[in-house]
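Visitor: The structure that follows is given in the form of structure tokens.
The values are calculated or read from the model by the stated rules, or taken from the named source; none is laboratory data. This one's a predicted model, so the numbers in the text were calculated from it and none came from an experiment. Ideal geometry is used to build each Cβ from the backbone, glycine not excepted, and the neighbour counts take in all protein chains shown.
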Amino acid sequence: MKQILLPGVLVGLLAACNPNGDSEDAKPANDQPSAQSQSAGTTAQADTGAAAAGAELGAWGVETGAMNTDVDAGDDFYRYVNGTWIDSYELKPDEVRYGAFVKLRDRSEERVKAIIEEVSGGDPEPGTVEQKVADYYNTFMDMDARNERGIEAIRPELDRIAAIGDREALMKAFGRTGLDGTIAPIDGYVSFDRKNPDRHMFSISHSGLGLPDRDYYLNEGERFESIRAAYQDHIATMLQFNGVSEQDAQAQAEAVMALETAIAEQHWPREELRNRDKTYNIYTLDTLQEEFPDFAWSTFFTAGGIDPETLGEVNVSTPSAIEPLAKLIAETDLDTFKAYLTYHAISNHAGYLSEEIDQANFAFYGTTMSGREQQRDLWKRAVSTIGSRNSLGEAIGQIYVERHFPPEAKAQAEELVENIRAAYRQRIADLDWMGEETKKEAFRKLEAFNPKIGYPNEWQDLSAIEIVPDDLMANVRAVRNFFYQDQIDRLDEPTNKDEWFMTPQTVNAYYNPSFNEIVFPAAILQPPFFDPKADMAVNYAAIGGVIGHEMGHGFDDQGSKVNADGVQQNWWTDEDRERFEARTQALVEQYNQFEPIKGEHVNGQLTLGENIGDLGGLSVAYTAYQIALDGKEAPVIDGYTGDQRFFMSWGQVWRSKQREQMMLQRLKSDPHSPPQYRVNGIVRNVDAWYDAFGVTEDDALYLPPEERVSIW
């Protein structure tokens, strides 16, 4: 089973980050249905005058020097706000993308590094958080020791794979993926029961790919053929580190590639994985064995530390894929699966092994797949690993909050959440397409939203993790085993609604429908998202839009299938649902037209939830801004009206530059639209934007009023 805590539950405002650090260079977590949750400060200057002096960005919160006013706002608003920056910024060799999120991530990493170096000073007492953080960091940074151990650091995992002699042993290996750091065509994880969010449930899904999405295996064309050829060569290269000859490694790599292609053929398209109605299918051990007899379920569960007799109900999220995958497993020779598991064991651990192995893995996942020219500094990779949610991240987060998130910031953010909630209340009341019966339940859900700001009330107890001073892989295993066992232990326990699934130092936000909660870590409450010294319009569009985005996920195409109590349940009349889906389909069709890479379009269905979040979030934030003005007219600052500054702030938030390889990955696997369409694709549906910038039918982004989509 996967060693990923409650996967499929949370998707951030930005693409979810890899627990091990460089998400852009990470292998895909392709077994996680994304229908479960969706993602994305202090009070926004209460007066209508100019902001107080000292805004971090520009004079009042927007860097006007980044703009290109030679571009007509109505033709390309994204470039109007960001064009000079886009044309002048050069990605560094270790960057695949850069923008507000990456800038804040870099700042957060510097702060975490300072914390680690401080707690590592002196001679920490054994067993203390200081000792754990110091020794884990130091063993990660000790490249001499890693080079000396080389592939032998994961010899126990490789020996278990080499010892596989029959189908039962193969099933045990599949059950141990979370403990051995490998993957399997059929895998599972612990999540919430979507129809009873007070309990945990085991979920089963297809998995097992080394490329980001099924399209990378199945799509025709030179681009994908080239990637497949490079991937096969990469598999062969990694197998040779385990003593396989070049000739044998090439033959094994060809077999592994054929196997993964056959697995990919059974994977659901990602837009189907978002569908809550399709991905909730309850089975028992008996019905699993009856319907999918080619898979040894009891052996699989037992190997993963789960007693199959006490397991109870499980959810099979992709049932139509399980039977053909089980047959594929039964019909594929053991040697191919041993090569498959060996490759993934080496590749998945490469970041902890010798420099040679690490660089070989980076050459494919970092450069070929993402376009990164050189690895990020070793200390940054160490910080990302140790500071993640499934590591020592919450221990570090406690210190981070004390230093970088004052109590007044939390209070101000909570106030702004309530302002956005009030705006949602007004907009729902004014909807002309929703009937009173459905509105009643929408209001109930709105009032039940639980905002979590900055940091958890309860911190995770990490005392049971044993970290040693001279063995990186021992520490990796200790952390992995702790969180794996924590996941399995949840099957006998109720859910904990005080728990957080991001650390305070994470630059992101999320909505969790099972808890009906919106969560904003401390690190996102910084410019350009929030600045107490910035203009009110700037803050309402930026952090207000983020808050509105997360709330909006409770009402998007999938979140709207969950009621106020977090239960997956229809609370709509048939007529209202039909009108809602007509509007969302129009948004799908708009986004399907966008083509950021020649021949590769945005998938409007895959990105629908995030696009609804953006459109609803910005629209509601604008209403909240108007409420805050209380009938007064906002002043003109530097020649820009309040409404103009509002929309410019939204454009600035998504300012970004990224390499084409990374753009392609995100088009195929990320439910978020590319940054330029999170601006241009949204503002063209908001009437106030047309008025603010005098946009007419002569402008490229113009949509006739009857074609503009307004949902919430």
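Visitor: Would you confirm, using the coordinates I've provided, whether W268 is over 25 Å from Y484 (Cβ atoms), out of contact with any Pro (no Cβ under 6 Å at 6 or more places or on another chain), of a type in the set (F, W, Y) and modelled with pLDDT of 95 or more?
Guide: Spelling it out, W268 is indeed over 25 Å from Y484 (Cβ atoms), out of contact with any Pro (no Cβ under 6 Å at 6 or more places or on another chain), of a type in the set (F, W, Y) and modelled with pLDDT of 95 or more.
Visitor: Could you please let me know if Y217 is under 17 Å from K668 (Cβ atoms), in contact with a Lys or Arg (Cβ under 9 Å, 6 or more places away or on another chain) and either of a type in the set (F, W, Y) or surrounded by fewer than 21 Cβ atoms within 10 Å (Cβ to Cβ) (or both)?
Guide: Details: under 17 Å from K668 (Cβ atoms): yes; in contact with a Lys or Arg (Cβ under 9 Å, 6 or more places away or on another chain): yes; either of a type in the set (F, W, Y) or surrounded by fewer than 21 Cβ atoms within 10 Å (Cβ to Cβ) (or both): yes.
Here the answer is yes, as Y217 does meet what is asked.
Visitor: Only one residue in Q652, Q676, Q665 is modelled with pLDDT of 95 or more, in a helix (DSSP H, G or I) and under 18 Å from the mean Cα position of the chain (by Cα). Which one?
Guide: Working: Q652 fails: under 18 Å from the mean Cα position of the chain (by Cα); Q676 fails: under 18 Å from the mean Cα position of the chain (by Cα).
After applying the criteria, what remains is Q665.
Visitor: Further, regarding this structure: Applying the selection to segment 463-475, what residues are outside any loop (DSSP other than H, G, I, E, B) and either polar (S, T, N, Q) or outside the structural domain of F405 (by TED's automatic domain parsing) (or both)?
Guide: Let us first name the residues in segment 463-475 that are outside any loop (DSSP other than H, G, I, E, B), namely 472-475.
Across segment 463-475, the qualifying residue is only N475.
Visitor: Would you confirm whether or not segment 50-57 contains a residue that is in contact with a strand residue (DSSP E or B) (Cβ under 8 Å, 6 or more places away or on another chain), at pLDDT 70 or above and hydrophobic (A, V, I, L, M, F, W, C)?
Guide: no
Visitor: Looking at T607 and the list (1) crowded, with 24+ Cβ neighbours inside 10 Å; (2) under 26 Å from L416 (Cβ atoms), which single condition is not satisfied?
Guide: (2)
Visitor: Can you tell me which condition Q460 does not meet? The list is (1) at pLDDT below 95; (2) not aromatic (F, W, Y); (3) not in a loop (DSSP other than H, G, I, E, B), and all the others hold.
Guide: (3)
Visitor: Report the residue count in segment 271-292 for those that are within 23 Å of R666 (Cα to Cα), of a type in the set (D, E, K, R) and part of a loop (DSSP other than H, G, I, E, B). Spell out how you get there, then give the answer.
Guide: Going residue by residue through segment 271-292, those that are within 23 Å of R666 (Cα to Cα) are 271-276, 279.
Next, from what is left, pick out any that are of a type in the set (D, E, K, R): 271-272, 274, 276.
Subsequent filtering for residues that are part of a loop (DSSP other than H, G, I, E, B) retains 274, 276.
Total meeting the criteria: 2.
Visitor: For segment 630-680: of the residues being more than 30 Å from D213 (Cβ to Cβ) and polar (S, T, N, Q), which is surrounded by the fewest Cβ atoms within 10 Å (Cβ to Cβ)? Give the derivation first.
Guide: Quick first cut of segment 630-680, residues more than 30 Å from D213 (Cβ to Cβ) only: 630-649, 652.
Cutting the leftovers down to polar (S, T, N, Q) gives us 641, 644, 649, 652.
Working: T641: 17, Q644: 19, S649: 28, Q652: 27.
Step by step, filter segment 630-680, then rank; the result is T641.
Visitor: Assigned to a helix (DSSP H, G or I) and either among the acidic types (D, E) or more than 30 Å from A582 (Cα to Cα) (or both): is that true of L416 in this structure? Reasoning before the result, please.
Guide: Values: assigned to a helix (DSSP H, G or I): yes; either among the acidic types (D, E) or more than 30 Å from A582 (Cα to Cα) (or both): yes.
Against the criterion (assigned to a helix (DSSP H, G or I) and either among the acidic types (D, E) or more than 30 Å from A582 (Cα to Cα) (or both)), L416 qualifies.
Visitor: Before we move on, is F300 among the aromatic types (F, W, Y), assigned to a helix (DSSP H, G or I) and surrounded by 15 or more Cβ atoms within 10 Å (Cβ to Cβ)?
Guide: Working: among the aromatic types (F, W, Y): yes; assigned to a helix (DSSP H, G or I): yes; surrounded by 15 or more Cβ atoms within 10 Å (Cβ to Cβ): yes.
When the stated conditions are applied, F300 passes them.
Visitor: If I filter segment 245-267 for residues that are closer than 21 Å to R176 by Cβ, among the small types (G, A, S), surrounded by 19 or more Cβ atoms within 10 Å (Cβ to Cβ) and touching a helix residue (DSSP H, G or I) at 6+ places or on another chain (Cβ under 7 Å), do I get at least one hit?
Guide: Checking segment 245-267: not a single residue is closer than 21 Å to R176 by Cβ, among the small types (G, A, S), surrounded by 19 or more Cβ atoms within 10 Å (Cβ to Cβ) and touching a helix residue (DSSP H, G or I) at 6+ places or on another chain (Cβ under 7 Å).
Visitor: A further question follows. Within the group D630, D698, which residue is over 20 Å from the mean Cα position of the chain (by Cα) and on the phi > 0 side of the Ramachandran plot?
Guide: Numbers: D698 fails: on the phi > 0 side of the Ramachandran plot.
Result of the check over D630, D698: D630.
Visitor: Report whether or not Q412 is modelled with pLDDT under 95 and of a type in the set (S, T, N, Q). Spell out the reasoning first.
Guide: Numbers: modelled with pLDDT under 95: yes; of a type in the set (S, T, N, Q): yes.
So Q412 fits the description; yes.
Visitor: Then there is this: Of all residues in segment 502-533, which are surrounded by fewer than 24 Cβ atoms within 10 Å (Cβ to Cβ) and either out of contact with any strand residue (DSSP E or B) (no Cβ under 9 Å at 6 or more places or on another chain) or of a type in the set (V, I, T) (or both)?
Guide: Correct list: Q526, P532, K533.
Visitor: Taking the condition over 18 Å from R678 (Cβ atoms) and part of a helix (DSSP H, G or I), does G554 pass? Spell out the reasoning first.
Guide: Values: over 18 Å from R678 (Cβ atoms): yes; part of a helix (DSSP H, G or I): yes.
Answer is yes for this residue.
Visitor: Also, quick follow-up: Of all residues in segment 78-92 being in contact with a Phe, Trp or Tyr (Cβ under 9 Å, 6 or more places away or on another chain) and in a loop (DSSP other than H, G, I, E, B), which is nearest to M648 (Cα to Cα)? So that I can check it myself, show each step before the final result.
Guide: Start the filter on segment 78-92 by keeping residues that are in contact with a Phe, Trp or Tyr (Cβ under 9 Å, 6 or more places away or on another chain), which leaves 78, 80-82, 86, 89, 91-92.
Still in the running and in a loop (DSSP other than H, G, I, E, B): 89, 91-92.
Numbers: Y89: 19, L91: 23, K92: 26 Å.
Per the stated criteria, the residue is Y89.
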